[in-house]
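Engineer: Here it is: the structure, laid out below.
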Amino acid sequence: MNTSAFYDVLVIGGGASSLAAAITAARAGKSVCIVERDVACGLKLLATGNGRCNLSNESIDPQRYNHPAFVESVMGPQPEQELMGFFSSLGIMTTSEEGRLYPRSLRAESVRDALLNVCDRLGITLICGANVASAHKASEGWALQIDRPARALKAKKHDDRKSELRSLRKALADVPRKNEALEAHAVIIATGG
């Protein structure tokens, strides 16, 4: 089978950390693709913080971790500033409540929408409803085989998001599948289980 696409970075999983990693790579000038097994990216975000999306804690102290030096080397000396800067760059204004950081809208949908809008503006490819069948090291990085819907999913119109999501998942289970080959210089696995 011929390779259908080559990317600098391929992200497996479409959750919050995957979207953030993809955005960071794309901002660094890399071509990026996200492969998500569910019908859309960022769906787990909608349930965080009881639908209000607890983004982080207001104070992130590396000393609270088992290996503080390692945590500081990864997150930097002022992780709160970095995090606030990232959210601000997405257009997400924040507020705090009892030491927790939330979007000012207090709606998880606004965070998901902001992440997806930035992905769209940066030209990040989203392949949803797909499974990674195999992955192996190739001469130029990684070669993956995915199985994905053969056509776009169509859900019946519903009055609420949950019903529409159930309809899309049913459509995903019923749609014909096709195999596709992808290659990438680097692969990030960011699945949350």
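The values are calculated or read from the model by the stated rules, or taken from the named source; none is laboratory data. Here the structure is a predicted model, which means the values were calculated and not measured. Reconstructed Cβ throughout: ideal geometry from the backbone, glycine too, with neighbour counts over all protein chains shown.
Engineer: If you scan the stretch 73-91, which residues turn out to be farther than 18 Å from L106 by Cα, part of a helix (DSSP H, G or I) and of a type outside the set (G, A, S)?
Structural biologist: V74, M75, P79, E80, Q81, E82 - these are the residues of the stretch 73-91 that are farther than 18 Å from L106 by Cα, part of a helix (DSSP H, G or I) and of a type outside the set (G, A, S).
Engineer: Among the numbered criteria (1) surrounded by fewer than 17 Cβ atoms within 10 Å (Cβ to Cβ); (2) on the phi > 0 side of the Ramachandran plot, which one does G129 miss?
Structural biologist: (1)
Engineer: I'm trying to understand the selection: among the residues of the stretch 141-177, which are of a type outside the set (A, V, I, L, M, F, W, C), in a loop (DSSP other than H, G, I, E, B) and under 16 Å from N131 (Cα atoms)?
Structural biologist: R151, P176
Engineer: Exactly one of (1) in contact with a Leu (Cβ under 9 Å, 6 or more places away or on another chain); (2) modelled with pLDDT under 95; (3) closer than 18 Å to A16 by Cβ is unmet by L90. Its number?
Structural biologist: Failing condition for L90: (2).
Engineer: Within the stretch 113-130, can you find the residues that are touching a residue at least 40 places away in the same chain (Cβ under 8 Å) and either more than 17 Å from T191 (Cβ to Cβ) or within 12 Å of the chain's Cα centre (by Cα) (or both)? Full working, then the answer.
Structural biologist: Filtering the stretch 113-130 down to residues touching a residue at least 40 places away in the same chain (Cβ under 8 Å) leaves 115-116, 118-119, 122-130.
Of everything in the stretch 113-130, those that are touching a residue at least 40 places away in the same chain (Cβ under 8 Å) and either more than 17 Å from T191 (Cβ to Cβ) or within 12 Å of the chain's Cα centre (by Cα) (or both) turn out to be L115, L116, V118, C119, L122, G123, I124, T125, L126, I127, C128.
Engineer: Looking at (1) closer than 25 Å to A186 by Cα; (2) in a helix (DSSP H, G or I); (3) within 21 Å of the chain's Cα centre (by Cα), which is the one condition that is false for F70?
Structural biologist: For F70, the failing item is (3).
Engineer: Those residues that are of a type in the set (D, E) and assigned by TED's automatic domain parsing to the domain that holds V11, I need them from the stretch 36-77; list them, please.
Structural biologist: E36, D38
Engineer: Right, next: Looking at A152, A133, which one is assigned by TED's automatic domain parsing to the domain that holds G13, touching a strand residue (DSSP E or B) at 6+ places or on another chain (Cβ under 8 Å) and either within 16 Å of E36 (Cα to Cα) or without any contact (Cβ under 8 Å) to a residue 40 or more places away in the chain (or both)?
Structural biologist: Just a single option satisfies the conditions, and that option is A133.
Engineer: While we're on this one: Just to be sure I understand the filter: pairs with C-beta atoms under 6 Å, separated by 6 or more residues or on different chains, first member in the stretch 32-51 and over 19 Å from Y7 (Cα atoms), second member among the small types (G, A, S) and crowded, with 17+ Cβ neighbours inside 10 Å. Which pairs pass?
Structural biologist: That search, which allows pairs on different chains as well, returns V39/G129; K44/G15; L45/A16; L45/A108; L46/A108; T48/A108; G51/A108.
Engineer: Also, I was wondering about something else. Among the residues of the stretch 106-121, what is the count of those that are out of contact with any Pro (no Cβ under 9 Å at 6 or more places or on another chain) and surrounded by 17 or more Cβ atoms within 10 Å (Cβ to Cβ)?
Structural biologist: Final tally of qualifying residues: 7.
Engineer: Can you tell me which of E140, E82 is outside the structural domain of R37 (by TED's automatic domain parsing) and closer than 30 Å to G29 by Cβ? Please lay out each step first, then the result.
Structural biologist: Details: E140 fails: outside the structural domain of R37 (by TED's automatic domain parsing).
Of the residues listed, the single one that is outside the structural domain of R37 (by TED's automatic domain parsing) and closer than 30 Å to G29 by Cβ is E82.
Residue-wise test of (1) modelled with pLDDT under 90; (2) surrounded by fewer than 16 Cβ atoms within 10 Å (Cβ to Cβ); (3) out of contact with any Phe, Trp or Tyr (no Cβ under 8 Å at 6 or more places or on another chain); (4) over 28 Å from L165 (Cβ atoms).
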position: A16; (1), (2), (3), (4): no, no, yes, no
position: C33; (1), (2), (3), (4): no, no, no, no
position: S59; (1), (2), (3), (4): yes, yes, yes, yes
position: Q63; (1), (2), (3), (4): yes, yes, yes, yes
position: M75; (1), (2), (3), (4): yes, yes, yes, yes
position: Q81; (1), (2), (3), (4): yes, yes, yes, yes
